[in-house]
Amino acid sequence: MKRNFILANRRFFIYFLILGVATIFTIKLFYIQIIKKSYYQSLAENNAKRRIVQTPERGLIFDRFDKLLAKNDSVVDIMIIPKKFKLSEKDTLEVCNYFNISKIKLRNIIKEAKQYSNSKGSLFLEEVPFSILENLFQFKGLYEQTRLVRKYSTNYAANILGYIGVVNNNNLNKSYYESGDRIGKSGVDKSYEKILRGKKGVSHIIQDVKGNHSSFKNGIFDTLPIPGRSINLTIDLELQEFAEKIMKNYNGSVVALEPSTGEILCLVSSPSYNPSDFIGKKRNEIYHILRDDPNKPLFDRTILSTYAPGSTIKMLTALIGLEEKIINTGTKINCNFGWNYGAKMRVACHGTDHPPMNITNALAESCNAYFCELFYRVVKKEKNSELGLNTWSKYIKEFGFGDFLNNDLHAGVPGLVPDGKYYTKLYKGQNWGPSNCISLGIGQGELLVTPIQLANYTAILGNRGYFITPHIIKESRGNSTIKEYVEFQLIKKKFSEINSVSISKKYFEYVIKGMERAVEGINGTAKKSRITNLKICGKTGTVENYKKRIKQKDHSVFTAFSPKKNPKIAIAVYIENGGDGGDVAAPIANLCIEKYINRSIDLSFRNKPYFDLNFKNYILKCLKNE
């Protein structure tokens, strides 16, 4: 009995032990298979699965006449995931030899990638040849990624189109961008980045040890990229290219607008460069050359340079005098070779003693004495000089000077319009009067403007008292969300609003008549640039130029619009060290006007009999060697 009881207990213990072990295994198996399944599956998938970001096609860029300016081309980059990229000393040497890079560069690439993320992809090498990709699967943590780069259909307009580059740390803080992404760095590609960039797609793939790819779960988690919307610019490519060609031997700028719309027709900064030079790796090679060039081809003079406007400001001085009832249209002022204040101060009048003349003739012949005296009277009208200069400053600012203009260009500077407080501070509380700032009346002194402001001012004159903010976007194409559609309609509305000045419209006709005579008149300062089959109203400027108080060659300036009524184009040309405004800036401006209005240039010069022979030969040479 006792023996049977012991055997029964042993048998029960063995059964219990087996049952207990089986229960433990069952629970463990259940835990692994059911509860922790997603965890281990995730680990397994992460070893083989890769998230591939699909870069959308960037929107195309066209000019106002649908001529293609910028499209896209595909290249392949190699990306790195640092935590999967494990190297021994032997592996390091192999990687360096295979990709033809130094150990130092490899270490820097890995360091920068880790700083961004240890588990996300970062740029390893850009624009690699397809031959390198054949054995890429041998290097764990490296993978290929296709992207699109800009390709340009013109060798001009680099300052307008801008360029695309790798995002910096500031951009990485924004939700859209990841390390290695590209973003518009300047020009239109920067201004309209959100419209042009599109929306990324994502695909998830499984990769085996041999590098073969297959879709993860039949692509149920994949999304397609949405292309960026294309845009039409207001630029006339033919005019832009023509102006750049004839400006190639000058430092300066040409800005042209359509007065009735504020649309920018050309935006030439000279010297410039070929926009294709800033595509991909080529940019790294040429950037330093351009950066160190003393003529500053990377500097956009149209929106970033500030200059004294010279005599081109005299139309506004005249309008202020008329509006403030300082003079009337028939008021005549003596010249006497210049404006005198006492025995010590004198502003010369180009070595000429003009007979007493009214405002129209004073503009045509650019009489310094007339406009100095007019400015003096404007400032003296108020009880003190500070209030008087504030009156002048108010009108100047109404015409868009001293302001960024709130346009859609990627950069800009406001220039400087000094007021009464400026001079009170400058003279540290001492008495000052209009004679201390008399040069403002003829566009010299502390007044500083940008070429785009000059063009906008000229458009106001052509419009007889109003402007629409200069802008470079004309239209957007492609599918868009309701939000994107509304945003673009707000942009269009902003660039269709009329900004009026407070000067009476009736006074503009007298000023415009003076501009017409400057080109058409026998003694007009721009008579050498006359084009017989076009009615052009313009004004020359010859700007004194000092560097460290040493007199340099004058700057040559010309502003104009055409035709006289309902003008189609307003233009400002600024030539650094170009000399007299009528010698260089005026003929360049009038040729651009002819090109835009007639769509061609008469290279026989039959309708330009007054053009200087040397300048004619220069133009022919520029266009022949295009």
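The values are calculated or read from the model by the stated rules, or taken from the named source; none is laboratory data. This structure is a prediction, so every number in the text was calculated from the model and none was measured. We place every Cβ from the backbone using ideal geometry, glycine too, and count neighbours over all the protein chains shown.
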Inspect region 596-612 for any residue being buried (at least 21 other Cβ atoms within 10 Å of the Cβ) and either hydroxyl-bearing (S, T, Y) or touching a helix residue (DSSP H, G or I) at 6+ places or on another chain (Cβ under 7 Å) (or both) and give the result as yes or no. yes
Only one of (1) buried (at least 24 other Cβ atoms within 10 Å of the Cβ); (2) out of contact with any helix residue (DSSP H, G or I) (no Cβ under 6 Å at 6 or more places or on another chain) does not apply to I569, and that is (2)
By residue number, the members of region 293-314 that are in contact with a helix residue (DSSP H, G or I) (Cβ under 8 Å, 6 or more places away or on another chain), part of a helix (DSSP H, G or I) and under 30 Å from I160 (Cα atoms) are R301, T302, I303, G310, S311, T312, I313
Scanning region 274-292 for residues that are part of a helix (DSSP H, G or I) and of a type in the set (S, T, N, Q), which turns out modelled with the lowest pLDDT? N284
Verdict on T424 being farther than 21 Å from G310 by Cβ and among the β-branched types (V, I, T): yes
In the set T469, T481, the lone residue that is modelled with pLDDT under 95 and of a type in the set (S, T, Y) is T481
For region 591-609, state whether one or more residues are aromatic (F, W, Y) and free of Cβ contacts under 8 Å to residues at least 24 places away in the same chain. yes
Could you tell me whether region 265-273 includes any residue that is surrounded by fewer than 24 Cβ atoms within 10 Å (Cβ to Cβ), part of a helix (DSSP H, G or I) and among the hydroxyl-bearing types (S, T, Y)? no
If R464 satisfies every condition in (1) surrounded by fewer than 20 Cβ atoms within 10 Å (Cβ to Cβ); (2) under 14 Å from V379 (Cα atoms) but one, which is the exception? (2)
Does region 536-557 contain any residue that is in contact (Cβ under 8 Å) with a residue 24 or more places away in the chain, more than 16 Å from K314 (Cβ to Cβ) and out of contact with any strand residue (DSSP E or B) (no Cβ under 9 Å at 6 or more places or on another chain)? no
Any residue at all in region 328-338 that is touching a Gly at 6+ places or on another chain (Cβ under 9 Å) and among the aromatic types (F, W, Y)? yes
Conditions (1) among the hydrophobic types (A, V, I, L, M, F, W, C); (2) more than 24 Å from F605 (Cβ to Cβ); (3) crowded, with 17+ Cβ neighbours inside 10 Å; number of the one not met by I550: (3)
Of everything in region 483-520 that's out of contact with any Phe, Trp or Tyr (no Cβ under 6 Å at 6 or more places or on another chain) and of a type in the set (G, A, S), which residue is farthest from G400 (Cα to Cα)? A518
Looking at I452, is it assigned to a helix (DSSP H, G or I), of a type outside the set (D, E, K, R) and within 20 Å of R549 (Cβ to Cβ)? no
Which one is surrounded by the fewest Cβ atoms within 10 Å (Cβ to Cβ), of the residues in region 418-450 that are of a type in the set (A, V, I, L, M, F, W, C) and over 23 Å from F299 (Cα atoms)? L426
Matching residues, region 489-532, being among the aliphatic types (A, V, I, L, M), assigned to a helix (DSSP H, G or I) and over 29 Å from the mean Cα position of the chain (by Cα): V511, I512, M515, A518, V519
Please pick out the residue among L389, L409, L454 that is crowded, with 21+ Cβ neighbours inside 10 Å, within 17 Å of G321 (Cβ to Cβ) and either among the aliphatic types (A, V, I, L, M) or in contact (Cβ under 8 Å) with a residue 24 or more places away in the chain (or both). L389
I need the full set of residues from region 347-367 which are in contact with a Gly (Cβ under 6 Å, 6 or more places away or on another chain) and touching a residue at least 60 places away in the same chain (Cβ under 8 Å), in order please. V347, T360, L363, A364
Would you point out the residue of region 340-398, among those that are in contact with a helix residue (DSSP H, G or I) (Cβ under 6 Å, 6 or more places away or on another chain) and among the polar types (S, T, N, Q), that is nearest to G415 (Cα to Cα)? N390
Out of A348, A364, which single residue is more than 30 Å from N159 (Cα to Cα), buried (at least 21 other Cβ atoms within 10 Å of the Cβ) and under 40 Å from the mean Cα position of the chain (by Cα)? A364
